[in-house]
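Please read the structure below before turning to the comments.
The values are calculated or read from the model by the stated rules, or taken from the named source; none is laboratory data. What you are looking at is a predicted structure, and each value in this text was computed from that prediction instead of being measured. Please note: Cβ atoms are built from the backbone with ideal geometry, for glycine as well, and neighbour counts cover all protein chains shown. The accessibility values were calculated without ligands, DNA or RNA, using every heavy atom of the protein model including side chains. Shrake-Rupley method; radii C 1.70, N 1.55, O 1.52, S 1.80 Å.
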Amino acid sequence: MVKYKRILIKLSGESLAGYKKTGVCYDAVLEICKKIKEVYDLGVEVAIVVGGVNFWRGRQNEEFDRVTADYIGILATTMNALTLNDSFRQIGVESRV
């Protein structure tokens with residue numbers, strides 16, 4: 001019997017970079033997804049919030065437009081969400097972004 005029916009996990013973009021420290025390490029992503037699948041297989045609904053710092057960390061300098069920097073961060077987060085979604089699909093877990 002599980003204590004919680006639903007959980008929320010916050011993953012940093014850095015965790016998806018693994019040993020590479022930047023971008024995406026697909027081995028690390030797959031390992032994270034397999035661990036989450038273990039909880040999912042217990043009947044727990046899992047929601048994931050993911051960051052994008054493995055691709056982008058805010059404005060790079062004061063001259064950079066703040067809104068543009070925020071848009072780039074949103075794209076980085078979306079890229080990570082799509083990466084997780086595809087990795088879950090590979091291991092037989094239905095998910096959506």
Breaking point among (1) touching a Phe, Trp or Tyr at 6+ places or on another chain (Cβ under 7 Å); (2) modelled with pLDDT of 95 or more, for Gly73:
(2)
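For region 1-38, give me each residue that is in contact (Cβ under 8 Å) with a residue 60 or more places away in the chain and within 16 Å of Gly52 (Cα to Cα).
Here is the first cut: in region 1-38, the residues in contact (Cβ under 8 Å) with a residue 60 or more places away in the chain are 11, 13, 16, 26, 30, 33.
Leu11, Gly13, Leu16, Tyr26 - these are the residues of region 1-38 that are in contact (Cβ under 8 Å) with a residue 60 or more places away in the chain and within 16 Å of Gly52 (Cα to Cα).
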Number of positions in region 55-97 that are open to solvent by 50 Å² or more (accessible area, probe 1.4 Å) and part of a helix (DSSP H, G or I)
14
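Does Gly52 count as in contact (Cβ under 8 Å) with a residue 12 or more places away in the chain and either surrounded by 11 or more Cβ atoms within 10 Å (Cβ to Cβ) or in a helix (DSSP H, G or I) (or both)?
yes
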Considering only residues that are at pLDDT below 95 and in a loop (DSSP other than H, G, I, E, B), look in region 13-42 and name the one that is nearest to Arg96 (Cα to Cα).
Gly23
Looking at region 23-39, which of its residues are under 28 Å from Met1 (Cα atoms) and either of a type in the set (Gly, Ala, Ser) or open to solvent by less than 100 Å² (accessible area, probe 1.4 Å) (or both)?
Val29, Leu30, Glu31, Ile32, Cys33, Lys34, Ile36, Lys37, Val39
